[in-house]
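Colleague: Can you keep this structure in mind? I'll have questions shortly.
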Amino acid sequence: QVQLVESGGGLVQAGGSLRLSCAASGRTFSSYAMGWFRQAPGKEREFVASISLSGKITYYSDSVKGRFTISRDNAKKTVYLQMSSLKPEDTAVYYCAAKDGVATMTQKSYDNWGQGTQVTVSS
C-alpha cells in the first residue's frame with residue numbers, strides 16, 4: 001500500500017500555469033507507476049497522464065498533450081503535473097494514482113488513490 005497526498009491546486013486564469021504535486025508514503029515509491037486523472041463536475045473521471053517507474057516513459061491524453069508534463073522524483077517520492085496554457089475545460093478535481101508494474105492509461109488498473117485537489121480555470 002502507498003498513501004498519496006495531492007497539493008498545488010487552485011484558481012488560475014485561462015492561459016496560466018499550475019504545478020500539482022503528489023507526495024507518496026509507505027512502500028517504495030520507485031516500484032509504482034504513477035498516473036494523474038481528473039473529474040469535472042457531472043462527468044466521469046478521465047485519464048490525464050501517466051509515468052513509468054523510471055520516469056522514462058510517459059503517456060498523455062490527447063486533450064492535454066503538449067500542454068501538460070508529468071514527471072517524478074523518486075528520491076523525494078513525489079510525482080508532478082506541470083500544467084500550462086490552461087483552459088476553462090481543464091477545471092476539475094485532479095487525482096493522483098499509483099499501481100504496481102507498467103504505466104497505463106486505464107484507471108481501473110490503479111489501486112491506490114489520493115483524495116484529489118481542485119483546479120479551477122477562469123475564462
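Colleague: Could you order 6, 44 by accessible surface area, starting with the largest, using a probe radius of 1.4 Å?
Modeller: My answer, sorted largest first, is 44, 6.
Colleague: Still on this structure, I have one more. What's the extension gain from residue 74 to residue 44 if we count 0.36 nm per residue and subtract their Cα-Cα distance?
Modeller: Gain on stretching residue 74 to residue 44: 7.8 nm.
Colleague: Something else: How long is the gain from residue 85 to residue 28 if the chain were fully straight, where each residue apart is worth 0.36 nm and the alpha carbon distance is subtracted?
Modeller: Contour length minus Cα-Cα distance gives 17.2 nm.
Colleague: For the residue pair residue 56 and residue 123, what label-to-label distance in nm results when each label sits 7 Å from Cα along the Cα-to-beta-carbon direction?
Modeller: With each label placed 7 Å out from Cα toward Cβ, I get 4.4 nm.
Colleague: Accessible area of the chain with a 1.4 Å probe: how many percent of it is carbon plus sulfur?
Modeller: Carbon and sulfur: 50 percent of the exposed surface of the chain.
Colleague: Now for a different question. Quick one: Kirkwood hydrodynamic radius for the stretch 45-123, alpha-carbon pairs, angstrom, one decimal?
Modeller: Kirkwood hydrodynamic radius for the stretch 45-123: 13.3 Å.
Colleague: Students often forget the sequence filter, so: which lysines lie under 27 Å Cα-Cα from residue 43 once same-chain residues fewer than 8 apart are removed?
Modeller: 65, 87, 99, 108
The values are calculated or read from the model by the stated rules, or taken from the named source; none is laboratory data. All of these numbers come straight from a predicted model, not from anything done at the bench. Cβ: placed from backbone, ideal geometry, glycine included. Neighbour counts: every protein chain shown. For the accessible areas, the whole protein counts, side chains as well, though only heavy atoms, and no ligand, DNA or RNA atoms are used. Shrake-Rupley method; radii C 1.70, N 1.55, O 1.52, S 1.80 Å.
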